[in-house]
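Here is the structure we will look at, set down as structure tokens.
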Amino acid sequence: MTSTKRRYSLTWTDPDGAAQASAGRYDKRSATRRRRALEAVGCTRVEVVVVEPGELPEPVL
């Protein structure tokens, strides 16, 4: 039996309205911490998304 690790990334909108996406991959706990940090500085539409190896998330427009 194989176990697969899920990796997460984030998409958000900056306070100035620019759509962003993280290039890094996080475990679930780290992604949640990063989401909270982004929200604390005024970012909106912050979403944690599952990414596959080699995949980058698309910024939300």
Kindly provide the set of residues from region 1-31 that are among the hydrophobic types (A, V, I, L, M, F, W, C) and within 10 Å of VAL51 (Cα to Cα), ordered by number. LEU10
How many residues are in a loop (DSSP other than H, G, I, E, B) and in contact with a Phe, Trp or Tyr (Cβ under 6 Å, 6 or more places away or on another chain) if we restrict to region 41-53? 1
Can you find a residue in region 7-24 that is modelled with pLDDT under 95, open to solvent by 100 Å² or more (accessible area, probe 1.4 Å) and basic (Lys, Arg)? no
Only one of these is open to solvent by 90 Å² or more (accessible area, probe 1.4 Å), touching a residue at least 12 places away in the same chain (Cβ under 8 Å), at negative phi and not in a strand (DSSP E or B): LEU56, LEU38. Name it. LEU56
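The values are calculated or read from the model by the stated rules, or taken from the named source; none is laboratory data. On a predicted model such as this, the values are computed, not experimentally measured, just so you know. Using ideal geometry, Cβ is built from the backbone for each residue, glycine included, and neighbour counts are taken over all protein chains shown. Just so you know, the surface numbers come from the protein's heavy atoms only, side chains and all, with ligands and any DNA or RNA stripped out. Shrake-Rupley method; radii C 1.70, N 1.55, O 1.52, S 1.80 Å.
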